[in-house]
Ligand code: SF4
Ligand code: SF4
């Protein structure tokens, strides 16, 4: 964005932001089983009720966006935000089971998707910087996405399988405990997983520097620690 200064807010460690000092709030989520991750839902629900504060919603998806943007739109609208723009961006897959199946979509977004994304950014930039009356944006994710069900965390856990740690590989760095967004890991000094708290987000599996974490179904395969260079280059306009 050329005309807008913005701050990124870490919803895991940042507490509740003071939204008063901002003209607009943006909510960005990845797609988790056809819906937004629970941690984002919990964060929005904790925010104070707003009085028509302008907002935009945004999500990334690897396979299908599903109802992610619709759910995010509904959630923030119920919180009193006034949604003026929304977009879903196709990105390479970060979900190990799909990568293992050869469906990593490394080439996403394609040219057409990048054009649409850049148009979204350009229009959002113009909308906010120009002194214009803001209008409510009707979010329409497409018929196919509307038909995709939002799956439960139980299915996500089942797909992941039980987690274990290869004790010979684990260097006891504690990174998995620090990174887990749901406080489902305690390192003492090797990690112990609390299945009831785990939302099967794969963060520990993806980020362990030694690839010591594995599951009943996946071992040393499909890791996605960070966005690939190809995607970073595309986003650097
Ligand atoms: S991140 Fe990996 S190496 Fe570090 S404590 Fe966790 S399992 Fe062990
Ligand atoms: S997959 Fe790992 S990082 Fe994600 S919630 Fe479960 S234990 Fe935490």
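Observations
- Filter result for residue 125 (at pLDDT 95 or above, surrounded by 12 or more Cβ atoms within 10 Å (Cβ to Cβ) and over 21 Å from residue 31 (Cβ atoms)): no
- Helices (runs of 4 or more DSSP H) fully within segment 14-117 that include at least 3 residues being at pLDDT 95 or above and crowded, with 19+ Cβ neighbours inside 10 Å: 68-78.
- Condition met for residue 146 (more than 19 Å from residue 93 (Cα to Cα) and at pLDDT 95 or above): no
- Scanning segment 143-176 for residues that are under 24 Å from the mean Cα position of the chain (by Cα), surrounded by 12 or more Cβ atoms within 10 Å (Cβ to Cβ) and in a loop (DSSP other than H, G, I, E, B) returns 148, 150, 151, 161, 162, 174.
- Some residue of segment 183-198 being surrounded by 17 or more Cβ atoms within 10 Å (Cβ to Cβ), in contact with a helix residue (DSSP H, G or I) (Cβ under 9 Å, 6 or more places away or on another chain) and either in the same structural domain as residue 39 (by TED's automatic domain parsing) or in a loop (DSSP other than H, G, I, E, B) (or both): yes
- Residue match in segment 153-166 (condition: more than 10 Å from ligand 2 (Cβ to nearest atom), out of contact with any helix residue (DSSP H, G or I) (no Cβ under 9 Å at 6 or more places or on another chain) and free of Cβ contacts under 8 Å to residues at least 12 places away in the same chain): yes
- Matching residues in segment 14-59 - criterion: being closer than 15 Å to residue 181 by Cα and within 16 Å of the chain's Cα centre (by Cα): 29, 30, 32, 36, 37, 38, 39, 40, 41, 42, 43
- Within segment 201-220, the set of residues being more than 9 Å from ligand 1 (Cβ to nearest atom) and not in a strand (DSSP E or B) comprises 201, 202, 203, 205, 206, 216, 217, 218, 219, 220.
- All of (1) in a loop (DSSP other than H, G, I, E, B); (2) within 16 Å of ligand 1 (Cβ to nearest atom) hold for residue 133 with one exception: (2).
- Residue that is closer than 30 Å to residue 155 by Cβ and without any contact (Cβ under 8 Å) to a residue 24 or more places away in the chain, where the choices are 107, 74, 46, 67: 74
- When 173, 208, 180 are screened for being away from ligand 2 (no atom under 13 Å from the Cβ) and free of Cβ contacts under 8 Å to residues at least 40 places away in the same chain, only 173 passes.
The values are calculated or read from the model by the stated rules, or taken from the named source; none is laboratory data. Keep in mind it's a predicted model, so treat the numbers as computed, not measured. FYI the Cβ positions are ideal-geometry reconstructions off the backbone, even for glycines, and counts take in every protein chain you see.
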